[in-house]
Each structure stands twice: as C-alpha cells, then as structure tokens.
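First comes the structure, then the notes that go with it.
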Amino acid sequence: MRPEYDFENAEKNPYVKKLRKPVTMNLDIDVIEYFKQESARTGVPYQTIINLYLGQCVAEEKHLTFS
C-alpha cells in the first residue's frame, strides 16, 4: 500500500442512496405466497419484489387506507 492516497479527483459513490438494511418482519402466509408466485413467474427473488413494491409505494407517496 502507498503511504498516502490522493482522493481530490475521486467521484462520489452513486449507490450511496441505495444502501440496504436487513430487517425482520412477520408477514401473513398468503402475502408471502403471493410474492413467491410472482417470483416464480418473473424469475426475480421474492424479497426483491417486495422491496420494489414498497419502493414504488414510497415513490408514489401512497398512504394506507383502512376499511
């Protein structure tokens, strides 16, 4: 390793906003099965599909409605 590095022309990490944090959640069995079926249909891992769906909710600023 060099004794010193020059970071003056370094670029910022473009993925810094895409950091992930592992969480533990309790989901209904039918919800998990739905996303697993979507996973089988699309070939995308079901946890990724759940994350994409939740991200879409955030982007569209959706709010929960209870009935």
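The values are calculated or read from the model by the stated rules, or taken from the named source; none is laboratory data. Everything numeric here is computed off the predicted structure, so don't read it as measured data. Here the Cβ positions follow ideal geometry from the backbone for every residue, glycine too, while neighbour counts run over all protein chains shown. The area values use the complete protein model at the heavy-atom level, side chains included, leaving out ligands, DNA and RNA. Shrake-Rupley method; radii C 1.70, N 1.55, O 1.52, S 1.80 Å.
Here each label is just a point 7 Å from Cα along the line to Cβ, and for Leu54 and Thr42 those points are 1.5 nm apart. Taken over segment 2-52, the convex hull of the Cα atoms encloses 141 Å³ per residue. Averaged per residue, the chain has 109 square angstrom of accessible surface, using a 1.4 angstrom probe with ligands and nucleic acids left out.
Can you pull the percent of the chain's accessible area that's carbon plus sulfur, 1.4 Å probe, other chains left in place?
Ligands and nucleic acids excluded, carbon and sulfur reach 55 percent.
When +1 charges are put on Lys and Arg Cβ atoms and -1 charges on Asp and Glu Cβ atoms, the dipole computed for the chain relative to its Cα centre reaches about 80 debye.
Per residue of the chain, the DSSP helices (runs of n ≥ 4 H) give a summed -39500 (n - 2.57) that works out to -13500 deg cm²/dmol at 222 nm. Full extension of the segment from Met1 to Thr24, taken as 0.36 nm per residue of separation minus the current Cα-Cα distance, would add 4.3 nm.
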